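Novice: A single structure is presented below for examination.
All of the numbers you see were taken from the coordinates with simple rules; none came from a lab. None of the values given here were measured: they were computed from a predicted structure. With ideal geometry, Cβ positions are generated from the backbone for all residues, glycine too; neighbour counts draw on all protein chains shown.
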């Protein structure tokens with residue numbers, strides 16, 4: 001749904017109830033023939049609806065219950081001539097209709113067409129425009145007020161004093177009386193009559209009366225009639241001039257009435273905006289309020305009565321009956337500090353003068369005026385001024401009470417400042433003659449001011465926190481409760497002033513610990529809230545291990561069902577810091593998948609691009625129903641991502657997957673940072689599958705086995721399990737040199753082969769089989785066992801103690817001899833001690849390789865038995 005023209009709102013392109021796209025003319029000119037206007041709420045035979053505009057000569061109405069606009073074919077003129085249609089006072093526009101309100105409403109255009117808007121439509125249009133962009137509204141106010149200045153001061157003075165002006169009557173008169181056209185046509189007719197009269201006079205001079213008496217008589221009669229007509233036309237011309245002057249005046253009156261109506265609507269909208277649209281843009285809103293304040297200072301007396309009028313507290317103030325000073329002061333407060341010093345100074349001095357405070361005697365000037373200094377230097381006058389507006393019955397007090405009840409953040413801030421300044425001013429004028437309750441009154445207003453400021457701060461109004469901090473820093477007599485200190489700590493934790501956040505956090509913790517009136521549950525709740533603030537500050541300020549600990553604590557708290565604040569903080573910080581975004585990504589992928597977003601992944605990439613890529617891949621698999629990207633998975637596996645390892649092993653279970661992706665898998669499988677994460681059973685199954693399908697070359701298989709034998713993993717038991725599984729399941733794919741390399745790898749791990757109950761039998765079986773295979777293999781096996789058992793007697797003990805393995809070994813006299821010799825060797829104990837020492841050193845060396853697998857140096861036997869792979873083997 002798009003607007004063809006956001007500037008004039010003359011047409012809208014949208015889909016009807018039947019899903020047909022049409023362009024509807026929404027201009028006042030188009031809807032006028034039906035006696036209604038764009039966005040007017042009406043009652044129809046089918047319930048409430050909203051007028052949209054005209055298409056194909058029909059009036060299109062959007063029923064609240066429909067998905068798009070429709071029309072009644074029998075409605076061809078004024079809608080309200082039909083008994084089943086009537087105007088409605090309902091203000092609840094459906095959400096789909098709200099989308100029609102233009103993003104960039106032009107106030108000058110609205111002013112021109114204001115008579116086509118009902119009060120409800122005008123109010124709603126302005127509110128939506130302000131809600132969507134308070135900055136744009138500020139720009140529009142500047143243009144609107146510049147246009148208003150085209151009316152001269154004398155015009156304004158006269159118009160403002162007139163009574164009984166009716167906008168509807170004036171508009172109707174101007175619409176029906178085309179005075180300029182009438183005057184122009186009448187002047188032309190008058191000139192033609194005058195010309196005809198002149199020609200007739202000339203003709204009669206040359207006419208012989210005696211010869212043509214009848215003709216002369218006829219012309220004389222015509223001459224007399226023309227003279228009479230000319231005289232009457234002269235009189236009419238004079239009356240037309242008078243009417244034109246009245247029309248011109250009426251046009252100006254119409255402008256004034258239109259402007260008055262628009263201004264009143266804008267004022268109402270600005271009063272309610274922050275309470276109706278939280279959170280709002282405080283600065284842009286106050287800029288708009290400053291524009292209205294300046295206008296009211298210059299021209300407000302034309303629109304609002306000079307005297308105060310009482311009104312019903314239960315209804316809105318009618319601003320047309322308000323004191324111009326009250327409305328001006330209200331908007332001065334709404335503008336906060338957005339007016340310049342000189343501008344606000346001028347307005348304050350004007351208000352002081354109108355309140356009978358001797359500005360000249362006090363030597364106050366606009367450029368140097370300060371409310372704080374005024375309250376300090378002239379406390380009695382400040383008290384009088386405060387009482388005139390805040391404590392006296394009238395428009396200002398009523399409107400302030402109404403908006404403070406709605407928690408208007410700007411007015412809460414200003415009312416808070418004024419109450420504190422009033423309390424301090426009362427404190428300065430205290431004397432021996434002061435009444436007994438004077439001290440209590442001072443305390444009341446100081447606490448009231450802080451209460452208002454605290455409320456404003458909780459509404460996210462930044463100025464309030466700064467004001468409270470300033471007041472507490474300079475006035476020790478102003479109380480600061482645990483709740484207030486906590487709120488200030490929370491506020492400053494969101495700014496660059498984190499030292500202040502720490503200060504107020506410590507103050508809140510101290511006061512909470514020493515609280516005498518709070519119950520245990522309240523104290524505990526405060527502790528939890530302060531803990532979250534501390535965690536937030538630690539995450540924002542610290543780095544490295546301290547930051548990681550704070551993030552882990554936050555994740556732990558967010559997991560708890562009774563910690564919504566922890567969840568909210570995690571969500572908040574996940575949009576600010578890559579480290580938190582990364583942690584949140586990992587947490588939410590497991591427990592709150594719906595919380596994941598592309599923005600989160602983008603920020604988490606800055607913390608760890610490889611792991612984040614895997615999580616993003618999983619996100620796309622789930623949300624887009626696509627296949628997992630194997631390259632991304634393998635990169636994450638190499639980075640030791642646990643869930644990526646699980647996924648990779650799940651993928652390997654599928655025979656078709658392994659064969660379809662063999663090139664990619666084989667290219668990385670020979671790397672220890674990949675194969676070490678394949679479950680042993682899956683690795684064996686994968687090798688067998690590739691071997692059976694001739695999908696793996698001998699060269700690639702040798703590279704894989706060599707990598708497994710010579711890698712140094714950070715987890716020895718995982719490495720042992722992989723080596724043992726290969727020796728048990730597919731040792732026949734190993735040649736003698738590869739087998740020897742595997743046994744040396746187990747020796748380096750210092751894990752007994754008895755750890756796997758089936759491994760001794762598998763080793764014994766392979767030794768006997770290889771001895772019988774060929775003379776070379778037999779010689780190599782004997783040479784290896786002779787040296788290996790000498791260096792690693794525990795290996796012989798383990799084989800001997802396994803009855804099945806020992807039974808198999810005894811099939812070879814030579815190997816049996818080596819084992820028996822080892823068992824009888826008196827030096828075994830010493831060698832074992834040396835091996836233990838060597839084991840400790842090797843274990844220590846593991847910590848040097850935490851960044852990845854590193855191949856240890858080969859033993860002499862390994863170098864003797866190692867087979868050098870050839871390029872095409």
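Novice: Kirkwood Rh over Cα pairs of region 393-528 into Stokes-Einstein at 10 °C, 1.306 mPa s: D in µm²/s?
Specialist: Taking Rh from Cα pairs, D becomes 99 µm²/s.
Novice: Once all Cα-Cα distances of region 745-815 are split into 5 Å bins that start at 0, what whole-number percent is in each one?
Specialist: 3, 17, 27, 28, 18, 6, 0
Novice: In nm, to one decimal, how far is the residue 392 label point from the residue 202 one, both placed 7 Å along Cα→Cβ?
Specialist: 7.8 nm
Novice: Over region 632-674, what is the relative contact order in whole percent, taking alpha-carbon pairs under 8 Å and six or more residues apart?
Specialist: Relative contact order of region 632-674: 43 percent.
Novice: Still on this structure, please answer the following. By per-residue mean of other Cβ atoms within 10 Å, what is the highest-first order of 197-203, 284-290? All intermediate terms of the calculation are to be shown ahead of the outcome.
Specialist: Numbers: 197-203: 12.7, 284-290: 23.4.
In descending order of packing, they fall as 284-290, 197-203.
Novice: How much length would be gained if the chain were fully extended between residue 67 and residue 562, taking 0.36 nm per residue of separation minus their Cα-Cα distance, in nm to one decimal?
Specialist: Extra length available between residue 67 and residue 562 comes to 174.1 nm.
Novice: If you count, for each residue, the other Cβ atoms within 10 Å and average over each peptide, how do 743-755, 329-341 line up from highest to lowest?
Specialist: Going by the mean number of other Cβ atoms within 10 Å, highest first, we get 329-341, 743-755.
Novice: Can you tell me the relative contact order of region 315-457? Whole percent, Cα pairs under 8 Å, sequence separation 6 or more.
Specialist: Numbers: 138 pairs, mean separation 35.6, N = 143.
Relative contact order here is 25 percent.
Novice: For the pair residue 510/residue 810, report the inter-label distance in nm, with labels modelled 7 Å from Cα in the Cβ direction.
Specialist: 8.5 nm
Novice: Taking N as the number of residues in region 2-146, what is its Cα Rg relative to 2.2 N^0.38 Å?
Specialist: For region 2-146, the normalised Cα radius of gyration is 1.02.
Novice: Would you please give the FRET efficiency between residue 786 and residue 552, computed as 1/(1 + (r/R0)^6) with r the Cβ-Cβ distance and R0 = 56 Å, to the nearest 0.05?
Specialist: Once rounded, the FRET efficiency stands at 0.55.
Novice: Also: Between residue 629 and residue 33, what length comes free when the chain is fully extended (0.36 nm per residue of separation minus the Cα-Cα distance, one decimal in nm)?
Specialist: Between residue 629 and residue 33, full extension yields an extra 208.2 nm.
Novice: Mean separation of Cα pairs under 8 Å and 6+ residues apart, divided by the residue count of region 422-483: what relative contact order is that in percent?
Specialist: Contact order relative to length: 25 percent.
Novice: Ok, one more. Would you please give the FRET efficiency between residue 621 and residue 283, computed as 1/(1 + (r/R0)^6) with r the Cβ-Cβ distance and R0 = 41 Å, to the nearest 0.05?
Specialist: My answer for the efficiency is 0.40.
Novice: Tell me, in nm to one decimal, what length is gained between residue 221 and residue 234 on full extension, where the rule is 0.36 nm per residue of separation less the Cα-Cα distance?
Specialist: Values: separation 13, 0.36 × 13 = 4.68 nm, distance 2.01 nm.
Gain on extension, residue 221 to residue 234, equals 2.7 nm.
Novice: At a Förster radius of 35 Å, what calculated FRET efficiency corresponds to the Cβ-Cβ distance of residue 575 and residue 405, to the nearest 0.05? Numbers along the way, then the final one.
Specialist: On the way: r = 34 Å, r/R0 = 0.97.
It comes to 0.55.
Novice: With label points built 7 Å along Cα→Cβ from the Cα atoms of residue 593 and residue 519, find their separation and express it in nm.
Specialist: Computed distance between label sites residue 593 and residue 519 equals 4.3 nm.
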